[in-house]
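See structure below.
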Amino acid sequence: MPKTPSPEDRKILLDFLAENPDLERIELLFPDMHGIFRGKWMPPDGARKLLTRDVRLPISSYALDVWGHDVNETRLALATGDPDGYGVPVMRTLKRLPWTKTPAAQLLMTLETEDGAPCIYDPRQQLSSMVERFAAIGLTAVVAAEMEFYLFRKRKNLGSAPIPPIGSMGTQLYDLDAMDELEDVLREIRRGCEALDLPVDIIIAESGSGQFEINFKHVPDPIAAADYAILFKRLVWGCAQRHDLESTFMAKPYGDDAGSGMHFHVSLINEDGENIFALEDGGKENLHHAIGGLLSTMRELQVIFAPHLNSYRRFQEGSHAPLQPNWGLDNRSASVRVPESQGPAARFEHRISGSDVNPYLALTAILGGALIGLKNKIDPGKPIDEGGAIKQRLYGTWVPAVDAFSRSTAAVDVFGKEYRRVFTACCRAEIQKLSAMVTDVEYQTYLDRI
């Protein structure tokens, strides 16, 4: 049977309800494999169900397509009777929402199976399993995410292209005037981070028109880091709506403007609190082996870092996205950058993910690749700064990346064979559906010419 809640969780919930008597709903959030929130609205007078594990959701909800439809090939819905999982609240994420018109709160949820085991289809549980693998060898990952996103004018038709906000036209890299133009919404995002306890460091204007970047502080908890990233996406959406704007973490919303990436800074500390990349004895080798694992698994796991059709528009010549599995010392053109190689800040920065990734799965893949490198003492070769040669290119299109993942032994090592199968099935269903669509570009190009 599902596990009972801890006394601490019970206290958090009851105290929160007592402090917020005006609440009209609690929004229960279950992030699926795409990072899309599925879930339910719960009335506050029913919140005690959270303490009895009486909130349920179909396990198949984690493997819907991006449109919210069942993917029959996963065999998680009709083929098995579409069984429920039992919702487990992440109580530290229970926070009042700063953007809703009526008093509301949100709460991240995860799923257990009927016998109380973690649900392997839950991306958060995938990352939790990887964290446990590191803990078993006495290591903890310290993680900080950087996320880019766009703000644009609210559209009348959801299928139309985005238009940058007034005052944000043209390149705006580090442009303080661009931030002044959108001061109201950016200030609300900052205040929202404080209300939701999201440990934000800085916000800067990025290269694209209406594009911004958020940097999070380093935390010794990869699961919390992923929680912060995915909840930040929802916060930006809510704040943008209040200011008659829209937001997107789409990898490449404009064909002729910069794409949006999500970078992860990672270091590893041992049970003595020491950064193993900075140890006098073997620190450099540890860092190199971790990078070797990242590079050796990068192509096989690329579809985790670039999960959709649009994701691959970033991987083009002349773009800011890395095109090869390589590494460099403080080199922002590399897939893996080493900002600091000595001292307590020694770490690597993984730079190939788009902002459209599921942060739980991306961090699982990154940590899994590093673990493979550490265990097998993989040599990353020379950094590109020292003439390191790379024979392979990262995939520039979606289909071969999905095919590589479907055959990947690294994917089985990191995620398990069953999750590899389900993730592949969802990708291929999306490919099939999008391939059948005739686009406006095709009409514009061919309809009256062929």
For region 284-393 the mean separation of alpha carbon contacts under 8 Å (6+ apart) over residue count, i.e. relative contact order in percent, is 39 percent
To the nearest 20 debye, the chain has a Cα-centred charge dipole, built from +1 on Lys and Arg Cβ and -1 on Asp and Glu Cβ, of 960 debye
Expected field for LEU78, accessible surface area in Å² at 1.4 Å probe radius, rounded to 10, holds 150 Å²
If amide H atoms are modeled at 1.01 Å from N in the peptide plane, then the residues at a separation of 5 or more from ALA104, or on another chain, having amide H under 5 Å from its own are GLU24, LEU97
Diffing region 129-142: the Karplus 3J(HN,Hα) column from phi (6.51, -1.76, 1.60, θ = phi - 60°), in whole Hz with x for Gly and Pro, holds 5, 5, 4, 5, 5, 5, 4, 5, 10, x, 10, 10, 8, 9
Placing +1 on each Lys and Arg Cβ and -1 on each Asp and Glu Cβ in the chain, then taking the dipole about the Cα centre, the residue among ILE230, PHE216, THR140 whose Cα reaches farthest towards the positive end is ILE230
GNM on the chain, Cα springs under 10 Å; top mean-square fluctuation among LYS101, LYS375, LYS284 goes to LYS101
Computed over the chain, the distribution of all Cα-Cα distances in 20 Å bins, rounded to whole %, is 24, 58, 17, 0
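Report the equivalent ellipsoid semi-axes for region 275-376 in whole Å, largest first, defined as the square roots of five times the eigenvalues of the gyration tensor built from alpha carbon atoms.
25, 15, 11
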Taking every DSSP bridge whose two residues both lie in the chain, the antiparallel percent to the nearest 5 is 85 percent
Listed by chain and number, the aspartates and glutamates with an alpha carbon less than 15 angstrom from that of LYS40, same-chain partners under 8 positions apart left out, are GLU24, GLU27, ASP32, ASP54, ASP84
Asserting the computed 222 nm helical MRE of the chain (DSSP H runs at least 4 long, -39500 (n - 2.57) per run, divided by residue count, to nearest 500) equals -10000 deg cm²/dmol
Note, region 88-100: 3J(HN,Hα) by Karplus (6.51, -1.76, 1.60, θ = phi - 60°), whole Hz, Gly/Pro = x, goes 10, x, 9, 4, 5, 8, 6, 9, 6, 7, x, 10, 7
Here region 396-401 yields Karplus 3J(HN,Hα) values (6.51, -1.76, 1.60; θ = phi - 60°; whole Hz; Gly and Pro given as x) of x, 9, 6, 4, x, 5
Any residue on another chain or 5+ positions along whose placed amide H is under 5 Å from the amide H of GLY85 is listed here as LEU57, ILE59
Ordering 104-113, 135-144 by per-residue average of other C-beta atoms within 10 angstrom, highest first, gives 104-113, 135-144
Among LYS49/LYS233; LYS284/LYS375; LYS284/LYS377, the pairs whose Cα-Cα distance exceeds 19 Å are LYS49/LYS233
With all protein chains in place and a 1.4 Å probe, PHE152 shows an accessible area in Å² (nearest 10) of 10 Å²
Relative contact order as a percentage, the chain, C-alpha pairs under 8 Å and 6+ apart, gives 15 percent
One finds the C-alpha centres of region 1-66 and region 74-93 to be spaced, in Å, by 13 Å
Set LYS11/LYS95; LYS154/LYS433; LYS101/LYS156, cut-off 19 Å on Cα-Cα distance; pairs above it are LYS154/LYS433; LYS101/LYS156
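The values are calculated or read from the model by the stated rules, or taken from the named source; none is laboratory data. Treat the numbers as computed from the prediction; the structure is a model and nothing was measured. Cβ: placed from backbone, ideal geometry, glycine included. Neighbour counts: every protein chain shown. The protein model used for the area step is the full one, side chains on, heavy atoms only, and it has no ligands, DNA or RNA in it. Shrake-Rupley method; radii C 1.70, N 1.55, O 1.52, S 1.80 Å.
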